[in-house]
Amino acid sequence: MFSYTFMQNAWIVGTLIAIISAMMGVFVVAKRMSFFGHVLSEIGFAGASFGIFMSWSPLWGMLLFTAVSAISIGQLGLSEHRSESIISAVSAVAIGLGVAFLSLSEKSASSATGILFGSIFSISDENVWQVIVLALIILVLMLVLYRPFRHFAFDYETAKYSLHHETGLEIIFLLMIAVTVAISAQVVGSLLIFILLVLPSSSAMRWGRTVWQMIGLAIIFALIGVWGGLALAYWTNLPVSFYIALIEAGIYFISLARAH
């Protein structure tokens, strides 16, 4: 299996994406922003379609759209009364734009399938290095900003008064979510990103007692899903995202049952 270059690339990218998705996911779930991550994935579909239309790498289109949208939606205020309606409207427009850009680009249906459900086995060497660089940036920022992020996500009401530069911290956090969504779509696609961003961390929160325990367990759960999904997809020729979804959902339901 590992004698093939495409499997080596898939394993490297999948491992990195599992790690950063799990780490970010703990803070996203703690801050009750799971819906926001899901909406960013739909915006990422529009961005990837725009990238194809412009003859760019879909990853750069996703980064552009998700980063701009994350900051814009964040400035509207995620806690405002109208925020869910605003986010839903943005989501609807994003899906429409994605379909329009794909139609204008005159690409085949396989392009849409790759964007929506992932195409990790066809990832290029250039994309591998792009993911490595972006993942390392997220990891470094997470380690440097861990303490304020922990306070920010798990005790926001006091963090608003005790943290310096709270607005700047929130913008950095939103941008990190955007980058995580964009690169994670390489594995599970734009419409299934919540699988890696939400399920491993939600499961881990039912087992871990400290934030570091939650992060460690979330990474383990995400790696089990990605590694298991890659191996099963290679042996059965079914989509990787299908197996990752089954594995992560299974882990979550087991965690849910344990909690009760």
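The values are calculated or read from the model by the stated rules, or taken from the named source; none is laboratory data. Just so it is clear, the structure is predicted and the values come from calculations on it, not from any experiment. Glycine gets a Cβ as well: all are built from the backbone with ideal geometry, and neighbour counts include every protein chain shown. Surface areas here come from the heavy atoms of the whole protein model, side chains and all, with no ligands, DNA or RNA. Shrake-Rupley method; radii C 1.70, N 1.55, O 1.52, S 1.80 Å.
Taken one residue at a time, the phi angles of region 5-12 give Karplus couplings (6.51, -1.76, 1.60, θ = phi - 60°) of 4, 5, 6, 4, 4, 4, 5, 5 Hz. Gly and Pro are set to x.
Carbon and sulfur together cover what percent of the accessible area of the chain at a 1.4 Å probe radius?
That share works out to 67 percent.
Per-residue Karplus couplings for region 129-136, computed as 6.51 cos²θ - 1.76 cosθ + 1.60 with θ equal to phi - 60°, are listed in order as 5, 4, 5, 4, 4, 5, 5, 5 Hz, Gly and Pro entered as x.
Seen from LEU59, the other residues with C-beta closer than 14 Å to its C-beta sum to a net charge of -2, counting Lys and Arg as +1 and Asp and Glu as -1.
Among rounded, prolate and oblate, which fits the chain when a ≥ b ≥ c are the square roots of the eigenvalues of its C-alpha gyration tensor, a/c under 1.5 means rounded, and a/b larger than b/c means prolate?
Note, shape of the chain comes out oblate.
Sorting the segments 177-188, 57-68 by their mean number of nearby beta carbons within 10 angstrom, highest to lowest, gives 177-188, 57-68. Spatially, region 161-223 and region 1-68 are offset by 12 Å when compared through their Cα centroids.
For region 180-260, which trypsin sites (Lys or Arg not before Pro) are both in a DSSP coil and crowded by at most 10 other Cβ atoms within 10 Å?
Here the sparse-neighbourhood loop sites are ARG209.
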